């Protein structure tokens, strides 16, 4: 049955009137308090001139007549302090006007590196503004810049800039060496006693933040306790944005999950199913008001923090996934108690997904996994390409669409009023889509957005591990996730007696599942557009190794054919077990995972 | 109006309906009776388009069940009354009238008429605050907001008190008189017997008997004759100052008459006793109807004993089966 916008809107209007009519005072007060709290945070940001949550994190000792002074004062995370002030994070030494070079020095700690990065970005932006403001562009250019980086052994790393111009690679550079003025150790002290040079070993071990404050005082550190004391600097922008945008979603999904489950209690939804409107009309109509509230809340918060349409467009797909996951959960849950687990799980998982990648804000491809990074860019006035937008939000749109389709599949009398266990309902939801063997291929293809999201999360979570261990761990994740994704549809088909349980059928379904998955997987080529494939982890997760690296036709063909063969073989192995029940499926699935892992490890090792 | 041909519905390994075939004429009240698990609710829900048949065809007014046109021409009343309890009767009915594209003015008129006919009070009270009988009446009114040609009622009198039950059954009869085709299921065979034109008896997913109640009785029931004589005859039992002999054919009645005359007496009364639908059901289904009353031997509820010359009268309505 086709979707009827008119009837959809009637259901939506009815849902609004019912919901508004049933909200008791206590709930209304709680909701209002939550909204006010969120808006308060947002308004705070607005009053502070937008998102200034990381304001004055780094102290920069710079003379007021220095050309760098304005760069520092214009930058939110930088605070200009008098030259000679103790505890500065960055020291700018350009007191000798005859010397065209300025010496910039920082402590050789993680925080010092981060402060230098912030200072560098601030100078770049300042220079870009100056150049953009120049009326006569041809008169202002070209600017010659000579870069030379110097290895240092001291506790300070230095960078000097001879001309305050923008250099080729966007970094500030110079040939100056970081001449310590004796304050280098002090700079480290602001990291609650832990900011010594020995902490600066970036890339060695987990990048677990080194907490000062309470933790520091508990373990004998200095009792400071401000966000700026955390080394490396905690991404407060992302955290607070996650709070501001995602907390209201939790209230929305609570109400939404309840209204969906309410249709299933005592068979209330049965009469809507008899009425002349499609299941999609019903679900879309019931979802529309909540999607509208989520969109409105996102818009208000985005405006409050100084964001624009890009912020809304970045966060809205997250809201859609919140709703879609809650919808499916509410379709599977057998009670409001189970629904509570669903909403909490959805909230934690999505918040993690949005927040964790944003921690690596300096690694653009990883950070872009989270749409919150787009919000940060929007707030900073930076451009976002369509490819980057699609990379960040595409998985969310696809996952939301697939989840809604899955839920609508079981939004029918035969499924929505039963009290079957959640795993069985999940299998039912998959089996509903299986009418012919080729549907297995479609199901596998539709699983790719989930696989993509899981692997992206894997990349983000494992990013802090040493590279070798991270790649091995990621390959395990990839093998497990992909084999389950390919196999679960086949298993559902056998479990619900959609197909004959014999070897030829299993092999056929396995081949179709593997082929469907392979074709859809190729759509993840978008990761190359944003550059994730250039990272070792991205290369391992998405198999971008060798692509565009000048391999011959035979090798290129092998790179296409071998993954196809792998997916077909492993899916067939799993399918054979699925014909014999759950335990046999689990056993063959492990075999398939082992084959997959071995293949991936071999390829990654071979291609370096 | 309704055609069911080879309807089969399978849930996993469980066969709920085994190839049922029947049809319902326009303006007819058609009963589907059977114990729990007989497949009658599955049959009705398939007709309403809620459940897709595994095999067979189900047509309502010539269109496949579940089609948008079919749904528009259908009024369905499930066994429970799953109302939205935060709505008032009026707002609830208007919402459904909207979904069925009933013009606002027509809907208002139709809703008020249905509420009047059903003597529904508290029309602007939230449905969660009204009695079960009232909820059932609202549910019936909802099934009528689109003025459907076909009504499918699953246990319309389920859980109602005798007074409301009678009212509802009379209302169903009135609907049929107004030209509606009604298909309804019931546990309580008296409801079926008192309202339905034709009946199918289902057991374990199969139709085990069909036809009018009289046809079913003729085919599956038995008629016995109680012959009252002034003198004892062979196999007679004393009944006050009379003697009664139970036989199963008119030939046997004649034999009793001759025996009484030979003994110097005469036959003073002959009464027939037909099987109740309950007994027929017990016979064909091999199990009693759930919710049927337990009655003492010799005082069978619904006993249709009567003088052949007297017009039959239905027994008093029993309590509704819970």
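Each residue in B:59, B:142 was given a count of other beta-carbon atoms within 10 angstrom of its own, and listing them fewest first yields B:59, B:142.
Averaged over peptide B:95-101, the number of partner chain Cβ atoms lying within 10 Å of each residue's Cβ comes to 6.
When both bridge partners sit in chain B, DSSP labels roughly 65% of those beta bridges antiparallel. If the segment from residue A:336 to residue A:85 were pulled out straight at 0.36 nm per residue, it would be longer than the present Cα-Cα gap by 84.5 nm. Please give the residues of region A:569-588, grouped as numeric ranges, whose backbone N is less than 13 Å from a label point set 7 Å along the Cα-to-Cβ vector of residue A:421. Residues passing the 13 Å test: A:582-583.
Once the Cβ-Cβ distance of residue B:10 and residue B:266 is raised to the sixth power relative to R0 = 51 Å, the FRET efficiency obtained is 0.25. Computed from the C-beta positions of residue A:435 and residue B:273 and an R0 of 60 Å, the FRET efficiency is 0.60 to the nearest 0.05. Between the Cα long axis of helix B:162-177 and the first principal axis of chain B there is an angle of about 80°, rounded to the nearest 10. Model label sites at residue B:282 and residue B:248, defined 7 Å from Cα along the beta-carbon direction, differ in position by 1.6 nm. Here each label is just a point 7 Å from Cα along the line to Cβ, and for residue B:223 and residue A:562 those points are 9.0 nm apart. Put in line by how crowded their Cβ is, counting other Cβ atoms within 10 Å and starting with the fewest, B:18, A:495 read B:18, A:495.
Residues A:502, A:428 in ascending order of nearby Cβ atoms (within 10 Å, fewest first): A:502, A:428. Each residue, residue A:128 and residue A:29, gets one label point 7 Å from its Cα in the Cβ direction; the gap between the two is 4.9 nm. Our estimate of slack between residue A:469 and residue A:345, defined as 0.36 nm per intervening residue step minus the Cα-Cα distance, is 41.8 nm.
In this structure, residue A:13 and residue B:132 have a Cβ-Cβ separation that, at R0 = 45 Å, corresponds to a calculated FRET efficiency of about 0.95.
Return the whole-Å distance between the Cα centroid of region B:225-278 and the Cα centroid of region A:292-361. Centre-to-centre (Cα) distance: 84 Å. The shape of region B:223-274 comes out oblate: with a ≥ b ≥ c from the C-alpha gyration tensor, a/c is at least 1.5 while a/b does not beat b/c.
Fully extending the segment from residue A:296 to residue A:266, taken as 0.36 nm per residue of separation minus the present Cα-Cα distance, adds 7.5 nm. With helices as the sole contributors, chain B gives -9500 deg cm²/dmol at 222 nm; each DSSP H run of n ≥ 4 counts as -39500 (n - 2.57), and the sum is divided by every residue.
Taken together, the values in this text are just the output of simple stated rules run on the coordinates, not laboratory data. All figures in this text were calculated on a predicted structure; none of them were measured in a lab. Here the Cβ is made from the backbone with ideal geometry for all residues, glycine too, and neighbour counts use every protein chain on show.
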